[in-house]
């Protein structure tokens with residue numbers, strides 16, 4: 001499906017930050033819900049044919065989400081988010097990490113600092129994501145964790161993602 | 001030894017060297033002056049950049065001039081393009097989810 005919603009992707013190499021800005025055709029509470037409720041998040045967070053499966057999620061400051069990215073062969077890559085700040089419907093921040101299924105952090109892998117902003121614009125909602133890495137090469141390590149294969153396969157497959165669509 | 005291009009840009013001094021030699025060829029001595037550092041320290045960075053195949057070198061008399069191979073830097077952009085597509089894919093999925101969510105959430 002083609003749409004005319006704005007998307008901007010940029011990388012600030014001085015601060016090792018990836019910035020993504022995207023407009024969504026829904027009101028702010030709905031978009032906020034899609035980003036913060038595990039049952040909705042699991043429907044879109046993983047690039048096809050990977051699936052996101054949340055094991056536990058406590059969406060509050062100091063809370064944590066533990067989830068797996070599950071591949072087509074059933075392989076699991078576990079990750080977590082530690083929520084550091086939440087301003088309902090406007091902003092939340094978290095620190096991500098790779099971990100095992102019990103939430104033990106993999107210290108070999110880099111963590112990055114996420115800031116997600118929501119703002120209303122006419123009938124759409126703009127989400128601004130910034131992901132700050134310690135080093136630019138950390139970005140590469142993260143993509144090497146298995147998302148790359150998933151997303152390449154995904155490109156032709158979009159319709160299948162949408163079983164609930166009429 | 002062939003290194004990964006991301007090792008080149010992981011270090012702030014090396015990034016600064018790349019910026020300088022992108023516009024004109026420079027000798028290690030001239031670079032060392034720019035950074036108030038020793039010729040040895042600059043040589044180490046140049047060695048790494050060379051192993052990343054980012055440098056053109058040209059000998060003029062006893063001096064070696066280094067200049068950036070611009071094409072090589074494009075690899076980074078290509079890689080980032082993949083990352084960008086991953087986000088696009090994810091958001092296209094979210095668009096569909098939002099269409100389905102709308103009726104429910106209006107009750108709130």
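Here are a few things to note about the model shown:
- Within region A:17-40, restricting attention to residues that are more than 9 Å from chain B (Cβ to nearest Cβ) and surrounded by 16 or more Cβ atoms within 10 Å (Cβ to Cβ), the residue that is modelled with the lowest pLDDT is A:17.
- Qualifying residues in region B:98-108 (those that are facing another protein chain (nearest Cβ under 7 Å) and at pLDDT below 80) - the one nearest to residue A:44 (Cα to Cα): B:102
- Criterion violated by residue B:95 - all others in (1) at pLDDT 90 or above; (2) more than 21 Å from the chain's Cα centre (by Cα); (3) away from chain A (no Cβ under 12 Å) satisfied: (3)
- Residue, nearest to the other protein chains (Cβ to nearest Cβ), within region A:82-109, restricted to residues that are closer than 25 Å to residue B:82 by Cα and surrounded by 18 or more Cβ atoms within 10 Å (Cβ to Cβ): A:96
- Test for residue B:31: is it more than 14 Å from chain A (Cβ to nearest Cβ), on the phi < 0 side of the Ramachandran plot, at pLDDT below 85 and surrounded by 15 or more Cβ atoms within 10 Å (Cβ to Cβ): no
- Among residues of region A:114-130 that are under 19 Å from residue A:65 (Cβ atoms), those with a beta-carbon under 6 Å from a residue that is not in a strand (DSSP E or B) at least six positions away or on a different chain give the pairs A:118/A:28; A:118/A:32; A:118/A:90.
The values are calculated or read from the model by the stated rules, or taken from the named source; none is laboratory data. Note that the structure is a prediction, hence the values are computed from the model and not measured. In this analysis, Cβ positions are derived from the backbone assuming ideal geometry, glycine residues included, and neighbour counts consider all displayed protein chains.
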